[in-house]
1. In this structure, does ARG150 turn out to be within 16 Å of the ligand (Cβ to nearest atom) and either in a helix (DSSP H, G or I) or modelled with pLDDT of 95 or more (or both)?
2. Can you pull out the residues in region 101-111 that are under 15 Å from SER67 (Cβ atoms), open to solvent by 10 Å² or more (accessible area, probe 1.4 Å) and either of a type in the set (D, E, K, R) or part of a helix (DSSP H, G or I) (or both)?
3. Filter region 100-137 down to residues that are modelled with pLDDT under 95 and out of contact with any Lys or Arg (no Cβ under 9 Å at 6 or more places or on another chain) and give me whichever is farthest from GLU77 (Cα to Cα).
4. Does at least one position in region 112-132 carry a residue that is among the basic types (Lys, Arg), touching a residue at least 60 places away in the same chain (Cβ under 8 Å) and surrounded by 13 or more Cβ atoms within 10 Å (Cβ to Cβ)?
Amino acid sequence: MNLNATLINLYHVCPRECWLHANGINMEHTSDTVYDGKLLHETSYPQRADKYTEIELSANWNGATLSGKIDFYDQKEKTIHETKRGKSVEEAHTWQVKFYIWLLELNGVEGAMGKIEYPRLRKTTEVFLTGPDRAFLEETVPNIRELVQREKCPPTINARICKKCSYYELCYIDEA
Ligand code: SF4
C-alpha cells in the first residue's frame, strides 16, 4: 500500500478520518484543504514560491511504499517549509513534517529540518527528527497499515475538532 504524509497527519487527528480517507471516501473539502495550504503559502509568502522547489519523494520501507510531496523545499538549507491556516499549533502538523524529514533521510538526505509557519498566529515552529521520532514513525507505519486494512471503519471520536471535519455529516448524520 501507499502511505503518504496525509495519512500520517490524519492518523494523529482521528483514526476514523484516516480510515475514511485511505479507503477512498473523500469529501471535496479534504482536497481543498491541501490546496488551501499551498495557496496560503503562496499568498502569505509570494517571494518564496520562486525560491523553493517542489519535490516528490518515495521510498520502500519494510514492504510499504512511502510517499510525500513537499511543496516548498529549500535545497540549500535542507529545510521544508509548511504553512498552516489554523489558529493553533497542532501535533499532527509536526508529524507530517517529521515524516517528510524521514522520507528525505530514506532518500539519502541527512540533516534536513522543517519550519511550520502559522501566518495567523505570526508564529513559526521548527521541526527536527530525533531518534525516538524515527522509532515512533517506524512503529506508526505498520499501525496505519493495519488500521486502514480493517473491514470496519473505526468509531467516531466525539471531539471538538469533529465540527470542523469534512466528514462531520457522514459521521453524525444519525444524530442530526
Ligand atoms: S467527524 Fe470526528 S469522528 Fe468523524 S472523521 Fe472527523 S474527526 Fe473523526
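1. yes
2. Within region 101-111, GLU105, LEU106 meet the criteria.
3. Here the residue is ARG122.
4. Looking for residues that are among the basic types (Lys, Arg), touching a residue at least 60 places away in the same chain (Cβ under 8 Å) and surrounded by 13 or more Cβ atoms within 10 Å (Cβ to Cβ), one finds none in region 112-132, hence no.
The values are calculated or read from the model by the stated rules, or taken from the named source; none is laboratory data. What you see is a predicted model; the values in this text were computed from it and never measured. So basically every Cβ, Gly included, is an ideal-geometry build from the backbone, and we count neighbours across all protein chains shown. Calculation scope for accessible area: heavy atoms of the full protein, side chains included, ligands and nucleic acids excluded. Shrake-Rupley method; radii C 1.70, N 1.55, O 1.52, S 1.80 Å.
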